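Structure, as structure tokens:
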């Protein structure tokens, strides 16, 4: 074993074998350290992919996504609905779907309900089975739903995103060609804190935000007055703060929740309802933007 003798001048007996040159990284190591470049691929069988997001749970994203999909169908579009919430899928309940998708061993066939092509992790597992999965498994499931599902001739696929800014959002934003995102929120500040994070995430990842929707903005009492129980104007102020379009308000109406629980969302159950007409207005705007 080599021996090193330290002198008072801070030099060792082995200094003659040492150089001041810094070691260089190998080409292989340099390649590993380079930022990963993602290729954004469209979902096969679809023209446009629209995400419904919030970054906050409990603000009505799934209700919005299902009714928007049905509204687009009502005005003549071919529509798919992808439930990307692996931990808390809602589409099986809201569309009353209790069957499993067929597979040829290579691709899954979406289940069609109300003329909407649908896919959800909830079709593949019991509704009360918790999905105790780590990030890589979630990412794998999302890739299966976007790459190995036989979506057919769709004008739009509406993606019901989960809460947060995690693996699912990153996978869609980095690897899937996203044509736009609609941000849904209730007007209180505690919800808008997460919404603002979601807006910044989409901006950073280069996903176009079509606008913000103020959901459950008020309810109309028997006396005809509007009661804004979650506050007023927060979503519109947030849209102005981030220079995004404010798409409008959707009031609270008990019929919306009742229809969703019964497996037939309000736009399908009652197209002439005042809430249905709001969704139809959103749908016409989206259609005119893309088609």
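Just so you know, all these numbers are worked out from the coordinates, no wet-lab data involved. Bear in mind the structure is a predicted one, so any value in this text is a computation, not a measurement. Cβ coordinates were reconstructed from backbone atoms using ideal geometry, including for glycine residues, and neighbour counts include every protein chain displayed.
Things to note:
- C-alpha center-to-center spacing [segment 55-98, segment 106-136] in angstrom: 12
- Scaled against the 2.2 N^0.38 Å expected of a compact globular protein of N residues, the Cα radius of gyration of the chain reads 1.32.
- Scoring 64-70, 112-118, 129-135 by mean Cβ neighbours within 10 Å over their residues and listing the highest first yields 64-70, 112-118, 129-135.
- Approximate spin-label separation residue 132-residue 144, in nm, with each point projected 7 Å along Cα-to-Cβ: 1.9
- Antiparallel bridges, percent of DSSP beta bridges restricted to segment 46-290 (to nearest 5): 15
- Here the spin labels are modelled as points 7 Å beyond Cα on the Cα-Cβ line, and at residue 47 and residue 222 they lie 4.8 nm apart.
- Residues of segment 107-135 with amide N under 20 Å of a point placed 7 Å along Cα→Cβ from residue 197: 133-135
- Angle in degrees between helix 189-205 and the longest Cα principal axis of the chain, rounded to the nearest 10: 60
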